[in-house]
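Bear in mind that the values in this text are calculations on the coordinates, not laboratory data. As the structure is a prediction and not an experimental result, all values here were calculated from the model. When we count neighbours, we look across all protein chains shown, and the Cβ atoms used for this are built from the backbone with ideal geometry, even at glycine.
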Amino acid sequence: MEEYLEIGQIVNTNGLKGNLKVKPLTDDITRFNLLETVYIQLGKKLVEFKVQDVKYIKNMVLLKLEGINDINEAEKYKNFYIKIKRDDAVELEDDSYFIVDIIGSEVYTDESELLGKVVDVFSTGSNDVYTIKNSEGKEILLPAIQDVIKDVDIKNKKIIVHLMEGLI
């Protein structure tokens, strides 16, 4: 399992004092209020920053990080991702998973037929959708609803699904 989880992408700066404008990659945008430390992946190096302040504008997060004190310094971090340690992640409800843990899982039907691997997860608003790619490169879209997703084994990266009529 991944030790660090991406929770946002730095998309721009805000103001002259080094604030970072972050697009959240989390269901609960207010979870940024709980952060004391974040990490930014710079090449192969993960750099730790203390969080000084968090504000919100519409659906974006404004982060002030210790050591980034002007717009020129903030510009260097544009397009990089904000990460946290898995231990600092919010606790998930039952039958909820981090996307990073779903990606790469093998997907089998409840009749033991291999459909492929999960290559992406996206939200439609009402539910998530898993994108599965088979060995021929064909993509299958499956809604992450109880009637379809029967078992998720994160540890063994295996998902069992029930194919309702008309899904593929």
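Details
- Looking across the stretch 58-108 at every residue that is of a type in the set (Ser, Thr, Tyr) and in contact (Cβ under 8 Å) with a residue 40 or more places away in the chain, the one that is nearest to ASP128 (Cα to Cα) is identified as TYR97.
- Residue ID - farthest from GLU2 (Cα to Cα), chosen from residues in the stretch 146-165 that are under 22 Å from the mean Cα position of the chain (by Cα) and acidic (Asp, Glu): ASP151
- Qualifying residue in the stretch 73-84 (condition: under 16 Å from VAL148 (Cβ atoms) and exposed (fewer than 14 other Cβ atoms within 10 Å of the Cβ)): no
- Looking across VAL107, VAL54, VAL118, one residue alone is in contact with a Ser or Thr (Cβ under 8 Å, 6 or more places away or on another chain) and surrounded by 13 or more Cβ atoms within 10 Å (Cβ to Cβ). It is VAL118.
- Residues satisfying the stated conditions in the stretch 57-68, i.e. closer than 24 Å to LYS44 by Cα and exposed (fewer than 14 other Cβ atoms within 10 Å of the Cβ): GLU66, GLY67
Matching residues to (1) loosely packed, with under 13 Cβ neighbours inside 10 Å; (2) closer than 30 Å to ILE145 by Cβ; (3) in contact with a Ser or Thr (Cβ under 8 Å, 6 or more places away or on another chain):
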position: GLY18; (1), (2), (3): no, no, no
position: VAL38; (1), (2), (3): no, no, no
position: GLY43; (1), (2), (3): yes, no, no
position: TYR97; (1), (2), (3): no, yes, no
position: SER112; (1), (2), (3): yes, yes, no
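- Among (1) over 20 Å from PRO24 (Cβ atoms); (2) of a type in the set (A, V, I, L, M); (3) in contact with a Pro (Cβ under 8 Å, 6 or more places away or on another chain), the one test that LEU114 misses: (3)
- Selection over the stretch 3-60 of residues that are touching a Phe, Trp or Tyr at 6+ places or on another chain (Cβ under 8 Å) and of a type in the set (D, E, K, R) gives a count of 2.
- Residues in the stretch 53-95 that are in a strand (DSSP E or B) and either within 15 Å of THR13 (Cβ to Cβ) or basic (Lys, Arg) (or both): ASP53, LYS55, ILE57, MET60, VAL61, LEU62, LEU63, LYS64, LEU65, ILE82, LYS83, LYS85.
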